[in-house]
Amino acid sequence: MDENDLIAQAVRGDLDAFNRLVVSYENTAYNVAYRILNDPIQAEDATQTAVISMYHKLNAYRGGSFKSWFLRIVTNACYDELRRMKRRPTVPLEPETDDGEIVESPAWIEDPSASPEEVLSASEMERAIQNCLSGLEEKFKTVLVMVDLSGEDYESVANIIQSPIGTVKSRLARARQKMQECLQGIGELLPAKYRLKDEEDNEQA
Amino acid sequence: MSKLNHIHQADLEDLNAYLDGALSEKEKAIFQLKLAKSLPLQATLREYTFLRNALRSVPPRKAPRHFTLTTEEARALKPRFTFAPLFSLASMVSLMFLGILFASEWIFKNVSAPPAKQADAVVMNESAEAMPAVPQEHTAIEAKTDAPLLFNWGQGYAGGLGGGMGDGAVPMSSGMAIFDSSHNPMIINSALQPEYEISAEQPLSVTAEMMPAESAVPVPEERPLRMSAPAEKPAGYTGAIIWGLRPADEGKVLQVYPPMLASSAQPVNNQTEAETASVPAKGKDSLSAIVFEPWVKYLLGALTLIFGVTAYVLTRRFNRTF
């Protein structure tokens with residue numbers, strides 16, 4: 001059964017068809033939410049809120065890319081969550097070691113299949129990227145997450161953020177420029193594999 | 001960073017689009033030509049390629065659980081009927097009526113009235129300039145009182161405001177007699193018809209009964225008035241001017257604006273309040289009067305508040321179920 005059939009059945013009230021659509025896109029939705037919110041619990045909440053919102057708005061779906069439509073709902077849920085966080089900031093309960101120190105990279109979010117070195121370098125790189133992402137404005141962060149982390153094309157992103165493609169291009173250029181500046185600042189902390197080209201050139205010189 | 005400063009923002013956008021394969025063939029060819037000539041652009045392309053690869057190398061996270069809905073959840077999420085939109089609409093309608101009420105009242109008070117006063121002032125000034133000075137004895141009489149002046153349109157022969165009376169009748173003059181509240185007569189002259197003279201057959205007269213007993217000025221019992229007598233608003237007179245009534249309108253309560261003031265309107269001339277109360281009000285005017293009553297505003301304000309709060313409470317209760 002293809003996506004259009006599932007959508008048609010879901011619109012008619014078929015919960016099973018709706019849930020199959022949810023399962024198809026939940027990982028993408030959760031990843032987008034996590035990159036925008038930088039918090040797994042809030043990302044989970046935002047994704048669940050987006051699914052509920054999608055269930056309510058399913059009758060308002062008027063064709064086009066279902067994924068883009070769903071990601072737009074996810075993005076809006078993330079913006080709502082960010083606004084809520086600004087109004088009522090919370091302190092996350094990080095797991096602690098026996099010495100009382102906070103574990104910044106909990107084991108449950110690490111990929112168990114990778115080797116320890118790969119896990120270390122990948123997690124450092126991911127942490128560096130996530131730190132830089134957190135410093136971006138929402139509008140730049142959303143476009144960067146959609147294009148570079150979620151792999152959406154410009155047209156889809158324009159559809160998701162409901163702006164012209166020109167806006168996507170300019171926001172992406174600004175977002176990458178800021179990301180590059182940020183990552184250059186912490187480049188020395190990264191493994192050589194992830195350092196930017198210029199730094200490698202400087203080291204060789 | 002220094003390289004980026006040498007690159008135009010448009011080129012940077014094209015570079016990103018080139019990197020992502022989002023340029024058309026024509027745009028791609030143009031950009032490649034530009035890229036071949038610019039070393040900073042080539043260096044930036046290398047950096048951005050590396051950045052893009054680094055970003056894309058970040059492993060995707062697996063959702064910690066499924067976000068599917070159970071049958072119970074779906075049933076709870078089904079849209080249910082609620083009165084909240086109705087109350088919300090009622091609140092908005094009440095608010096709209098309240099706004100219209102305040103706006104119309106404000107217009108009556110601040111927009112309609114002042115221009116009329118200004119127009120009167122202009123007319124009076126022009127008339128005063130065109131008129132010769134009032135005789136000294138009249139000025140002295142008028143200066144004694146601050147009671148409003150009464151402009152009488154003439155007696156029964158005027159034939160209505162601006163209306164002709166046919167052959168033989170005396171058309172209404174733009175000149176008019178002025179009376180103060182102590183019934184001391186004075187005559188003003190029309191700038192348009194300064195030489196007009198009222199005929200003796202239908203004289204505009206001031207009788208002795210109209211004069212107060214304490215009046216110090218002797219007034220002839222009855223005499224034809226010559227409208228060419230010069231007059232102007234007496235110096236120092238600060239009272240209001242009341243335009244007189246046609247004889248047919250005497251004893252009636254005329255339209256009062258805003259209508260809310262109608263209830264406090266005093267009977268004209270010597271009509272008693274009891275007589276005024278006996279005058280039947282027209283349906284339209286009475287409705288207007290009710291609308292402008294203060295309690296209507298209070299009622300609308302209260303309804304707006306009650307409906308709005310009810311809509312808010314119902315909406316909150318409805319949303320809490322999700």
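The values are calculated or read from the model by the stated rules, or taken from the named source; none is laboratory data. A quick note: this is a predicted structure, and the numbers were derived from the prediction, not measured. Glycine gets a Cβ as well: all are built from the backbone with ideal geometry, and neighbour counts include every protein chain shown.
Out of B:Leu89, B:Leu41, I need the residue that is more than 24 Å from A:Ser24 (Cβ to Cβ), of a type in the set (A, V, I, L, M, F, W, C) and not assigned by TED's automatic domain parsing to the domain that holds B:Ala17. Which one?
B:Leu89
Every residue, every condition in (1) at pLDDT 90 or above; (2) under 21 Å from the mean Cα position of the chain (by Cα); (3) not assigned by TED's automatic domain parsing to the domain that holds A:Leu136, yes or no:
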| site | (1), (2), (3) |
| --- | --- |
| A:Glu155 | yes, yes, no |
| A:Ile160 | yes, yes, no |
| A:Ile165 | yes, yes, no |
| A:Lys169 | yes, yes, no |
| A:Leu172 | yes, yes, no |
| A:Arg176 | yes, yes, no |
| A:Leu183 | no, yes, no |
| A:Leu189 | no, no, no |
| A:Tyr194 | no, yes, no |
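Only residues that are within 19 Å of A:Met146 (Cβ to Cβ), more than 7 Å from every other protein chain (Cβ to nearest Cβ) and crowded, with 18+ Cβ neighbours inside 10 Å: list them for region A:13-48, please. Scanning region A:13-48 gives A:Tyr25, A:Thr28, A:Ala29, A:Val32, A:Ala33, A:Arg35, A:Ile36, A:Leu37, A:Gln42, A:Ala43, A:Ala46. If the condition is being at the interface with chain A (Cβ under 7 Å from one of its Cβ atoms), in a helix (DSSP H, G or I) and either within 30 Å of A:Ala43 (Cα to Cα) or touching a Phe, Trp or Tyr at 6+ places or on another chain (Cβ under 8 Å) (or both), then region B:39-63 contributes B:Tyr48, B:Phe50, B:Leu51, B:Arg52, B:Ala54, B:Leu55, B:Arg56. Whether a residue is of a type in the set (D, E, K, R) and either surrounded by fewer than 12 Cβ atoms within 10 Å (Cβ to Cβ) or facing chain A (nearest Cβ under 9 Å) (or both) was assessed, and B:Glu13 passes this test. For region B:13-38, a residue qualifies if it is part of a helix (DSSP H, G or I), under 60 Å from the mean Cα position of the chain (by Cα) and free of Cβ contacts under 8 Å to residues at least 24 places away in the same chain, and the qualifying residues are B:Glu13, B:Asp14, B:Ala17, B:Glu27. Find the residue count for region B:278-315, including only residues that are modelled with pLDDT under 75 and surrounded by fewer than 16 Cβ atoms within 10 Å (Cβ to Cβ). Residues meeting the conditions: 10. Of all residues in region B:64-83, those satisfying the criterion of being modelled with pLDDT of 85 or more, facing another protein chain (nearest Cβ under 8 Å) and loosely packed, with under 14 Cβ neighbours inside 10 Å are B:Arg65, B:His66, B:Thr71.
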